[in-house]
Amino acid sequence: MEDLELESIRLLDWMYDHGGDGAILSVNGYAALRGLTDQNAWTLGEHLNASGLARVLLGMSMRVDADLTAAGVAFVQQMRTERDDAAKRNSSLRQQMLKWLYAHECRDEKTLDWNGFIEAGYSHLGGRPFQANEVHRQAEYLSKRGFITSSTIDNVMDGCLNPRLKPDGEDCVTDFDGEVTKYMNRGGAGNGGHIGDTYNITDNRGNVITGGSRNTQSVTHGIDTSAVLKFAGTLAQSLPVLGLSEDAQAEVRAQSDELHAEASGDQPNVGRMRSLIDSLMGAVAKASTTAVGAIVTELGNEALKAITGG
């Protein structure tokens, strides 16, 4: 039995499906189905009994019987909910990938790809293993966010070959236990970070906009889109401190990039810009009550007035 914790989760899952009405289940029977020994069944029984998730009877000749406690039932139900939640799954996967890579680098072990992680028994959420396509997609995410670096080859996603931790990736593991969202939202982090009540926010082109220190005009086909550009740029730079989840941040970033591109184009579509601004302001309103959030909201209102004449 390679991983006691993972096998315990699988056993609890099995007991939930096969129990009910106080039925006592044979842990030896489960072990046989899994190709495990009676000694493994005994170890699993002791572990679950200590956890309080199951009532376990340890009998003669290594016989092990058990049923779920109320806490065990609640544990399985919560576990099943979480492993079906795409956001929780992505967040957990990123954390596990960074910690796995960190452990290998501490041992001076080279990682050619993520196959070792995929094949490892602990690479799962709630007993459901992570698939190769999930791992490769999150490797690309970690690469784009600056947590890892990798070799680049045509037709291979970034972050997948020869992955290595960058300083931000190592800091995320050592200081935040690999939790990417907490690291990205830490105080004083990145261009949109803050210390106390002092903020330094730049737009997509690197212009400091706090306090109106820069105001670049962009007039296209009679429409002044400078306020739209300022809003899009400020929002993108402020993401780390707005309290959004990783997936929400990615969606907002994509929309702000689209808005910036639309406003910078030769023939900006007012309807499309208004739709994107409304969507982005809705996301900010749900996520933030900070001073930065108030600044972004005010810039959004100014952007709407600029393109609608309101």
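The values are calculated or read from the model by the stated rules, or taken from the named source; none is laboratory data. No experiment lies behind these values; they were computed from the predicted model shown. So basically every Cβ, Gly included, is an ideal-geometry build from the backbone, and we count neighbours across all protein chains shown.
Do we find that Ile24 is of a type in the set (Val, Ile, Thr), under 30 Å from Glu134 (Cβ atoms) and not assigned by TED's automatic domain parsing to the domain that holds Val135 in this structure? Can you show your working first?
Values: of a type in the set (Val, Ile, Thr): yes; under 30 Å from Glu134 (Cβ atoms): no; not assigned by TED's automatic domain parsing to the domain that holds Val135: yes.
Here the answer is no, as Ile24 does not meet what is asked.
What are the residues in the range 171-183 that are assigned to a helix (DSSP H, G or I) and either surrounded by fewer than 19 Cβ atoms within 10 Å (Cβ to Cβ) or touching a strand residue (DSSP E or B) at 6+ places or on another chain (Cβ under 7 Å) (or both), if any?
To start, the set of residues in the range 171-183 that are assigned to a helix (DSSP H, G or I) comprises 171-176, 180-183.
Across the range 171-183, the qualifying residues are Asp171, Thr174, Asp175, Phe176, Lys182.
Please go through the range 37-53 and pick out each residue that is hydrophobic (A, V, I, L, M, F, W, C) and assigned to a loop (DSSP other than H, G, I, E, B).
The one that is hydrophobic (A, V, I, L, M, F, W, C) and assigned to a loop (DSSP other than H, G, I, E, B): Leu53.
Among residues of the range 40-65 that are buried (at least 17 other Cβ atoms within 10 Å of the Cβ), those with a beta-carbon under 7 Å from a residue that is part of a strand (DSSP E or B) and of a type in the set (D, E, K, R) at least six positions away or on a different chain give the pairs Ala54/Asp67.
Can you find, within the range 17-36, the residue that is surrounded by the most Cβ atoms within 10 Å (Cβ to Cβ) among those that are part of a helix (DSSP H, G or I) and at pLDDT below 90? Within the range 17-36, the match that is surrounded by the most Cβ atoms within 10 Å (Cβ to Cβ) is His18. Applying a threshold of 7 Å to beta carbon distances and a minimum spacing of six or more residues, or different chains, the list of pairs starting in the range 163-183 at a residue that is free of Cβ contacts under 8 Å to residues at least 40 places away in the same chain and ending at one that is among the β-branched types (Val, Ile, Thr) and surrounded by 15 or more Cβ atoms within 10 Å (Cβ to Cβ) reads Lys166/Ile148; Lys166/Thr149. Would you confirm whether or not the range 112-132 contains a residue that is surrounded by 15 or more Cβ atoms within 10 Å (Cβ to Cβ) and more than 30 Å from Asp17 (Cβ to Cβ)? The answer is yes, given that some residue of the range 112-132 is surrounded by 15 or more Cβ atoms within 10 Å (Cβ to Cβ) and more than 30 Å from Asp17 (Cβ to Cβ).
For the range 88-110, a tally of residues being surrounded by 15 or more Cβ atoms within 10 Å (Cβ to Cβ) and in contact with a strand residue (DSSP E or B) (Cβ under 9 Å, 6 or more places away or on another chain) returns 10. Within the range 237-255, how many residues are in contact with a Ser or Thr (Cβ under 7 Å, 6 or more places away or on another chain), surrounded by fewer than 23 Cβ atoms within 10 Å (Cβ to Cβ) and closer than 20 Å to Met273 by Cβ? The qualifying residues number 1.
Among the residues of the range 79-87, is there at least one that is part of a loop (DSSP other than H, G, I, E, B), surrounded by fewer than 19 Cβ atoms within 10 Å (Cβ to Cβ) and touching a residue at least 12 places away in the same chain (Cβ under 8 Å)? No: the range 79-87 contains no residue that is part of a loop (DSSP other than H, G, I, E, B), surrounded by fewer than 19 Cβ atoms within 10 Å (Cβ to Cβ) and touching a residue at least 12 places away in the same chain (Cβ under 8 Å).
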